[in-house]
Every structure is written in C-alpha cells, then in structure tokens.
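Presented below is the structure to which this report refers.
Bear in mind that the values in this text are calculations on the coordinates, not laboratory data. Here the structure is a predicted model, which means the values were calculated and not measured. All Cβ positions, even for glycine, are placed from backbone atoms using ideal geometry, and neighbour counts span all protein chains on display.
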Amino acid sequence: MGMNTASKGYYIQSLSSGKFMRSTVVVVPATLPPLLPQLPEPEADDYAPSLVVVVVVVVVVVVVVVVVVVVVVVVVVVVVVVVVVVVEVVVVVVVVVVVVVVVVVVVVVVVVVVVVVVVVEVVVVVVAAAAAVVVVVEVVVVVVEVVEVVKEVVVIAVVVVAVEKRV
C-alpha cells in the first residue's frame, strides 16, 4: 500500500488493485499489553469527613437557615406594615371624602332653604305692598267719591240758599 500525495485529503492506494480508498487503521496487536499494577482500594475511613468538616457544614447550614428565616420574617413584616399603612390611608381618604360630601350637601341644603325663605319673604312683601297699594287706591277712590258727594251737597246747599233768597 502507498499514499497518493496528489489527491486532496489522505487516501491509501491498494498495491494489488491500484484503487484509492479512505484510510482505515486496524491494529491487531501481536500480544496483549502488560497489565497495569492495581492501585490499593481506599478504605471506608478514607472517605469519612473529619469532625471539623462536619461541624463547619452544620454551622453553615444553620446560619443559612437562620438568615433565610430572618429575611422571610422581615419581608412578611414589611409587607404587613405596607398593607396596614395603605389600608389606613384608604380609610382616611374615604372618611375625608365622606365628610366633604356631607359638608357640601349640608351647605347646599342650607343655601337652598335660605334662598327659598328669602324668596317667600320677598313674595310676601310684594303681595303685602300690592295689597297696600290696592287699599290706598280704594281709599283714594272713596275719598274722591266723598269729595264728589260733598261737592254735590255744597251745590245743593248753594242752590237751596239761592232759591230761598229769591223766594
């Protein structure tokens, strides 16, 4: 077998057939390789952690658990405080709105009552003034009629006096 250096890539040319083939390496060893020496198996105590390592791991786990519990408690307390503050603010706002609405309604009712009372008093005064004008006009008419009657009586008296003087 030989290699063709003119082709791209690596091919092997068969000397018997002259054909080019992709290279495949097959190794058939004549003898088995010597066995590697066996390493000693570790004993169970070799894998056992020391007491210091166990204590450190336990302390770290306890510290982590305590920190997580403290963080959770702080978060819960903060959330509860925020919720309580928000609820109190909402209650205060609602109370203020209700008070403002009640005050506005009371003011509007008082203003309407005052306006109605004033209008009624003005109407009463106008009606009374109109009645007074009517009374004054009637008094003037009566006075005019009385003056007319007095005039007629005077005229009759003058006529009677004139007639008596002639007679």
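Label sites at ALA130 and VAL158, each approximated as a point 7 angstrom past Cα along Cα to Cβ, lie 4.3 nm apart.
With the simple model of a label 7 Å out from the Cα in the direction of the Cβ, VAL66 to VAL95 spans 4.3 nm.
An ellipsoid equivalent to the range 54-125, defined through the eigenvalues of its Cα gyration tensor, has semi-axes of 69, 4, 4 Å when rounded to whole angstrom and sorted largest first.
Less than 5 angstrom separates the built amide H of GLN13 from those of GLY2, MET3, ASN4, MET21, all sequence-distant by 5 or more or on a different chain.
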